[in-house]
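**Student:** I'd like to ask you about the structure that follows.
Coordinate-derived values only; no laboratory data. None of the values given here were measured: they were computed from a predicted structure. Cβ placement follows ideal geometry from the backbone for every residue including glycine, while neighbour counts extend to all protein chains displayed.
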Amino acid sequence: MVESTQKVPEDGLRINLFPMAAHGFFRKYRDLSQWVLIAVFIALPWIKINGLPAILINLPDRRFTFFGLSFWGHDAPLLFFVLASFSLGLLLATSIWGRVWCGWACPQTITIDGIFRRIETLVEGNYIARKKLHEKPFDNEKIVKGAIKWLLFLTVSIILSHTFFAYFTGPGKLLSMALGSPSKNLTIFLIVNTTTLTILLNFGWFKERFCTIICPYGRLQSVLTDEDSLVVAYDEERGEPRKGSNTKSEEMGDCINCFKCVAVCPTGIDIRRGIQMECIACTSCIDACNEIMRITKKPKGLIRYESENGLKGEKTVFWKMKTNIYLGLTLLSVIGLFLFIFNRSGLDITVLRAHENPYQILKTSNEKTLIANHFTLNLKNQSSLKMEVDIIRVEKVEGTEIEIIAATLPVTILPGKSKKNHIFIKFLKSMLEKRSHHKFQLQITTKSKDITQKYIKEITLAGPV
Ligand code: SF4
Ligand code: SF4
């Protein structure tokens with residue numbers, strides 16, 4: 001990576017950039033991916049699965065709903081697998097495709113490029129008109145256009161902040177809070193408005209500065225990518241000596257020094273200086289240069305996705321030790337995530353022996369002694385549906401019968417709720433024979449939405465030897 005071509009001016013004030021719009025192959029697909037991702041972000045809280053929003057992060061109840069599945073506070077290991085899968089997947093993608101995340105999927109670039117810059121262009125015109133307007137003193141045109149632009153920015157920021165909070169409250173609750181008096185939900189009101197203001201300033205004013213100054217992912221590029229990673233790069237071998245350069249060479253390179261690649265760059269760098277940390281791989285310079293190559297009748301790809309080795313004419317090796325390790329770890333995390341989700345029980349059962357005597361001798365009749373054990377049974381509904389829980393009362397064990405008395409069962413348990421029950425298990429003392437305990441499988445049944453499931457919990461029955 002070379003030193004950035006984008007410098008902070010002597011006075012330390014921000015440089016205002018007015019990137020020219022690029023058109024071409026990558027722009028077309030970036031537009032498509034931006035619209036799809038923005039639409040998914042806005043639509044997800046409104047889509048209902050099993051009567052719940054597709055994604056709902058209910059912090060007060062410590063309940064997380066994800067496409068019909070509900071997770072609770074004690075499912076924290078899931079968070080580990082989600083974060084590990086995402087981070088390792090990002091490491092893998094970066095080591096192969098460089099900053100593909102920044103250019104194609106990061107909310108920062110998508111929102112600026114897909115929404116805010118479009119509004120700016122709509123109201124103030126193309127990059128030349130925007131620059132002129134910025135440089136001229138305040139007059140009616142500048143005030144009116146500025147007011148319209150910031151009003152539209154504010155409207156979008158309100159929609160985005162409310163959509164973001166809909167992921168935490170659900171759209172219905174958010175709507176009723178938004179339409180009600182702010183004093184009723186003062187904390188939420190202040191948080192939502194602070195978020196609106198942050199979105200407005202970040203996307204409307206700070207823009208790609210976030211990528212070049214604050215974002216830690218950008219700073220990590222030099223360690224995450226290597227000479228085989230595909231990055232947006234200028235082919236110096238082919239482009240130089242560029243037109244207008246002080247060279248004695250007879251044969252000129254393909255670069256006509258039109259500066260179009262610089263004009264379209266949202267971070268204001270000159271990619272011809274080499275790979276720079278400020279490059280967010282937006283591909284605008286590829287489209288801009290390809291257009292020039294088309295006009296000058298030269299092959300496309302003077303600026304292209306290429307590895308450092310590829311630029312030197314050497315072979316690019318994607319699959320090597322580093323990428324294989326990233327791939328292996330990513331797969332392990334994803335497998336761990338799926339195993340955790342699919343092996344998760346809908347009913348959490350805890351059986352504890354009651355505090356008093358471990359057993360009671362109930363009666364002696366017909367030379368047979370009956371023993372009773374008292375247990376507390378804690379049942380927690382971990383699913384997203386209402387559940388009716390019952391227990392199998394009588395079971396045959398080794399030629400004798402075990403009777404289970406559970407006065408508080410069957411019971412209906414709402415999603416995420418727990419119920420405590422007392423159960424007494426009666427059995428013949430002869431079942432214990434010479435041992436003081438006997439392992440026994442308690443069978444619990446659940447019914448939700450006509451689906452019946454059976455759970456087994458092993459407990460130990462105790463009695464006198
Ligand atoms: S757009 Fe292409 S031809 Fe024009 S300056 Fe950039 S690299 Fe050179
Ligand atoms: S150098 Fe090219 S790819 Fe990188 S940010 Fe600038 S325009 Fe986008």
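**Student:** When Lys and Arg each count +1 and Asp and Glu each count -1, what net charge do the other residues less than 10 Å away from Asn378, Cβ to Cβ, add up to?
**Tutor:** Values: positive: Lys380, Lys419, Lys420; negative: Asp348.
Taking every Cβ under 10 Å from that of Asn378, the sum is +2.
**Student:** Say a paramagnetic label sat at a point 7 Å from the Cα of Thr121, along Cα to Cβ; which residues of region 201-219 have their backbone N under 20 Å from it?
**Tutor:** Label zone hits: 203-209.
**Student:** For Asp31, Asp226, what ranking results if the residue with the fewest other Cβ atoms within 10 Å of its Cβ goes first? Present the calculation step by step, with values, prior to reporting the outcome.
**Tutor:** Values: Asp31 13, Asp226 16.
Neighbour counts put them in this order, fewest first: Asp31, Asp226.
**Student:** Further, regarding this structure: Between Gln441, Thr400, Leu370, whose Cα lies farthest towards the positive end of the dipole of region 347-462 when Lys and Arg beta carbons carry +1 and Asp and Glu beta carbons carry -1, centred on the Cα centre?
**Tutor:** Looking along the dipole axis, the top candidate is Gln441.
**Student:** How many nm is it between the label spots at Thr350 and Asp61, if each spot is 7 Å from the Cα in line with the beta carbon?
**Tutor:** 2.1 nm
**Student:** Taking Cα atoms of the chain, Rg/Rh with Kirkwood Rh, to two decimals?
**Tutor:** On the way: Rg = 32.7 Å, Rh = 27.9 Å.
Ratio value, two decimals: 1.17.
**Student:** Which one of Asn126, Thr169, Leu151 has its Cα pushed farthest toward the positive end of the charge dipole of region 117-181, where Lys and Arg give +1 and Asp and Glu give -1 at the Cβ?
**Tutor:** Result: Asn126.
**Student:** At 0.36 nm per residue, and after removing the present C-alpha to C-alpha distance, how many nm does the segment from Asn193 to Phe338 gain when stretched out fully? List each step's numbers first, then the result.
**Tutor:** Working: separation 145, 0.36 × 145 = 52.20 nm, distance 3.73 nm.
Net length gain for the segment: 48.5 nm.
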